[in-house]
Structures are given as C-alpha cells and as structure tokens.
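Here is the structure we will look at, set down as structure tokens.
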Amino acid sequence: MKILVNNEAREVAGPSLADALDELGYADAVIATAVNGDFAPARSRPTLMLREGDRLELLAPMRGG
Amino acid sequence: MEVYGVTLASRLLLGTALYPSPAILAEAVRRSGAEVVTVSLRRESGTERAGQAFWSLIRDLGVRVLPNTAGCHSAREAITTAQMAREVFGTNWIKLEVIGNHDTLQPDVFGLVEAARALTTDGFEVFPYTTEDLVVGERLLDAGCRVLMPWGAPIGSGRGLNNLYGLRAMRAHFPDVPLVVDAGIGLPSQACQAMELGYDGILLNTAVAKAGDPARMAEAFANAIRAGREAFLAEPMPPRDMAEPSTPVLGMAFR
C-alpha cells in the first residue's frame, strides 16, 4: 500500500504499523509514531493496521531550545 | 528552585540547539552547571539516524531533559507532539510552545491554555512558554500549570527584557509561583537583571550556542544568574531620583 512517511510517499506491505517500521528500517530506532495526526503509542504498533493513504510521522530526539 | 516537586540547584535551564558541534554542546552544558536541558522531536531519516546519536549524547551528560513542542502552531499539534515526547524521553515534563506568529514566534496564548489544560489532565507537568500577560498567567494556573515561563523578548533575538514593568508586575502578582524567563536573553547582564527582579530561573539557548566560545559563555551565564539571585535575596536598595551623600557630612571642616 502507498502511505506517506514523514511527508514522503512510500510503498509498504504492512499490514501493521510495527511491520511497516520494520520494513522501513526503524525496527531498533528510538522514535515516536503518529498516524494521521494522532499519537500511536509503541504498545499499539503491532495491532494498529495501516490503510492506503495513511500519513505516518516518525519523530526522534533532536536538539531544541 | 523547586518545580513539580523536583529541587534544582542550578537556576539555568539550557537549550541544546545551534551549537557548532556536539562536543561543544556537551562542554557548554558541563560548564553551565545546568541540571535541565531542553530537547525536541523531529522527523527521523531511516538512513541518517541523527536523532539516535543526539539522544545518546544527551543521556551521557546525565542531565534531566525538558522536551519542547517548538514549532507547533495549534493546540492539537502541541498535544500530539507532547504525547510523542513523553514516550521517547520518558518524562511527564513538557515545555509547551504554541506559536501564534511566524515573525515574532509569539505564543498563541489561547491555544496554549487549551493545550495546557488537556496535557495536565493527561498527567503532564507543563512548563508553558507564555507572555507576561497576567490574565493568561491566571488561566494557565487554572489549567493546572505550576510554573510560568514568560518571554523576555522574541526567541533568538537576544534583546533582553523588553517589558521590564510587565515582568516586575508578573513577579508581584504571582509571588509563590516559580517564574522562569524563557527566550530573548542575549547577555549575562540581562539574565542577572531578571534574577534581580526575583525570577526563579532562566531558560536560554541562542545566547550561549551562538557565542564565539559557547562553553565560556555558559559559565558566564551561570555566574550572572547566581549573582542576580544573591542580589535579590540581599534586598536591593530602592532607587532615588536625587543624590544622597554616602560619606557623612557631620563634622565636615570649613563649615
């Protein structure tokens, strides 16, 4: 399915968010996830099923003021 | 300074952005004596993994982190970002920013209060980046905030305390609330001035990170903040319009 990952079009098989993160190379990354603007806790990733056109945000620690 | 039940020996909270290198950032944090540093969340590339390296650096410093919601322009964005930050950083603390204007990075105080209420209800301990407006301060306290962080001047401007009267009024109006000047400080003397007004702490980033020698400037700020605090506790003399001789005039010759 086609989804947007950090605003870039990507093709993933899924079907779960955890599967997609594995495919995209984030399996061991310290990141937080949101789907369609809503926070998706880490514990929900194996059971959260993605759908065509979903917008996925993958955020990691960064410098900040 | 005590915030949300945590006692901090240092009254300087330091940002982690804009440093010339990670090593200089680490040295600046060490020389500042700061026990709290601000961090953020940004999109992570699957190949670069810049965030992972940064997080490793911060953890090695052994300081407490205060994640921010910088760049959020609505309560909803800020709430979602805060939830994501809590999971990644493992803290209920959140420096809440809801920006209302691109040029001044002025807080959207309406969205700020809305987000503060939702986040407090959700168990967050909110550090709101706000203005010196007293009514907004009241609303933030009503929403559950236990600390207020008014700006000194626009973020990154280095202009110091733009509204001295407003900041003084805020201190007087909220005598028992921890108040931290957040944003706009450019020089140690400006931080010292805020502390002399009775502010509890200073949060800054650019003034240290963009100095020619960031680590040295970090130490200069630490010293200025300590001096300002001591001066406040020592109860400064009231200013006078006219001169008052300090040397006794009694016993003066030739009179």
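Nothing in this text is a laboratory measurement; each read-out follows from the coordinates by a stated rule. It should be emphasised that the depicted structure is a prediction, and the values quoted were computed from it without experimental measurement. Don't worry about glycine lacking a Cβ; one is built from the backbone with ideal geometry, like all the others, and counts go over all protein chains shown.
Any idea what angle helix B:109-121 forms with the longest principal axis of chain B, computed on alpha-carbon atoms, 0 to 90 degrees, nearest 10? So the inclination is approximately 70 degrees. Between the C-alpha center of region B:105-119 and that of region B:217-247 there is a gap of 34 Å.
Please list, by residue number, every one of the chymotrypsin sites (Phe, Trp or Tyr not before Pro) in region B:198-255 that is coil in DSSP and has at most 15 other beta-carbon atoms within 10 Å.
Numbers: sites: B:Y199, B:F221, B:F232, B:F254; in loops: B:Y199, B:F254.
Answer by residue number: B:F254.
For chain B, set up a Gaussian network in which alpha carbons nearer than 10 Å are linked by springs, and say which option among B:Q52, B:Q83, B:Q193 fluctuates the most. Result: B:Q52 has the largest fluctuation of those listed.
Charged side chains reduced to their Cβ positions (Lys and Arg at +1, Asp and Glu at -1) give the protein assembly as shown a dipole of some 600 debye around its Cα centre. Sites listed here are trypsin sites (Lys or Arg not before Pro) in region B:2-63 whose DSSP assignment is loop and whose Cβ has at most 11 other Cβ atoms within 10 Å, and the list is empty.
In chain B, the longest principal axis of the Cα atoms and the axis of helix B:164-173 are about 80 degrees apart.
Report the one residue of B:V6, B:P245, B:L25 whose Cα lies farthest in the direction of the positive end of the charge dipole of the protein assembly as shown (charges on C-beta: Lys and Arg +1, Asp and Glu -1; origin at the Cα centre). Highest projection toward the positive end goes to B:P245.
Peptide A:39-48 shows a mean partner chain C-beta count of 2 within 10 Å per residue C-beta. Along the axis of the charge dipole computed for region A:2-59 (Cβ charges of +1 for Lys and Arg, -1 for Asp and Glu, origin at the Cα centre), the listed residues A:L21, A:L48, A:V5 are led at the positive end by A:L48.
Within 10 Å of each Cβ in B:45-55, how many Cβ atoms from other chains are there, averaged over the peptide?
Working: counts 6, 11, 1, 1, 7, 4, 9, 6, 2, 6, 4.
Mean shielding by partner chains, rounded to a whole number: 5.
One Cα centroid belongs to region B:146-174, the other to region A:20-61; the line between them spans 39 Å.
Computed over the protein assembly as shown, the range of Cα coordinates on each principal axis works out to 101, 41, 35 Å, biggest value leading. Gaussian network model of chain B, Cα springs within a sub-10 Å range: biggest mean-square fluctuation belongs to which of B:G137, B:G90, B:G228? Answer for the Gaussian network model of chain B: B:G90. Amide H contacts of B:V39 (H built 1.01 Å from N, in plane; Pro and chain starts excluded): B:L66, B:N68 sit under 5 Å, all sequence-distant by 5 or more or on other chains. Taking every DSSP beta bridge that has both ends in the protein assembly as shown, the antiparallel portion is near 45%. In terms of the mean number of neighbouring beta-carbon atoms within 10 Å, the peptides A:38-48, A:13-23 order highest first as A:13-23, A:38-48. Taking other residues whose beta carbon is less than 11 angstrom from the beta carbon of B:L61, and scoring Lys, Arg as +1 and Asp, Glu as -1, yields 0.
Tell me the chymotrypsin sites (Phe, Trp or Tyr not before Pro) within region B:105-194 that lie in a loop according to DSSP and have at most 12 other beta-carbon atoms within 10 Å. Mind dumping the intermediate values first?
Working: sites: B:F110, B:F124, B:Y129, B:W151, B:Y165; in loops: B:F124, B:W151.
Counting only loop positions with at most 12 other Cβ atoms within 10 Å, none of the chymotrypsin sites (Phe, Trp or Tyr not before Pro) in region B:105-194 qualifies.
Note down the net charge around B:V37, summing +1 for each Lys or Arg and -1 for each Asp or Glu among other residues with Cβ under 15 Å from its Cβ. Intermediate values should be presented prior to the final figure.
Numbers: positive: A:R63, B:R11, B:R30, B:R31, B:R59, B:R64, B:K95; negative: B:E27, B:E35, B:D60, B:D182.
Computed value for this residue: +3.
Think of it as helices only: each DSSP H run of n ≥ 4 in chain B is worth -39500 (n - 2.57), and spread over all residues that comes to -12500 deg cm²/dmol at 222 nm.
Which value in Å is the Kirkwood Rh of region A:2-59 over different Cα pairs? List each step's numbers first, then the result.
Details: mean 1/r = 0.0911 Å⁻¹.
Final number for the Kirkwood radius of region A:2-59 is 11.0 Å.
Can you give the direction-averaged projected area of the convex hull of the alpha-carbon atoms in chain B, in nm²?
Averaging across all directions leaves 16.9 nm² for the Cα convex hull.
For B:84-90, what's the mean count of beta carbons from other chains sitting within 10 Å of each residue's beta carbon? Numbers along the way, then the final one.
On the way: counts 11, 5, 3, 10, 8, 3, 0.
Mean partner shielding for this stretch: 6.
Using the Cβ of B:E230 as centre and a radius below 12 Å, the other residues enclosed give a net charge of +1, where K and R count +1 and D and E count -1.
Computed over chain B with a Gaussian network model linking Cα atoms closer than 10 Å, the most mobile of B:P22, B:P236, B:P178 is B:P236. When +1 charges are put on Lys and Arg Cβ atoms and -1 charges on Asp and Glu Cβ atoms, the dipole computed for region A:2-59 relative to its Cα centre reaches about 160 debye. In whole percents, the pair-distance distribution calculated for region B:1-147 from its alpha-carbon pairs, binned every 10 Å from zero, is 11, 39, 36, 13, 1.
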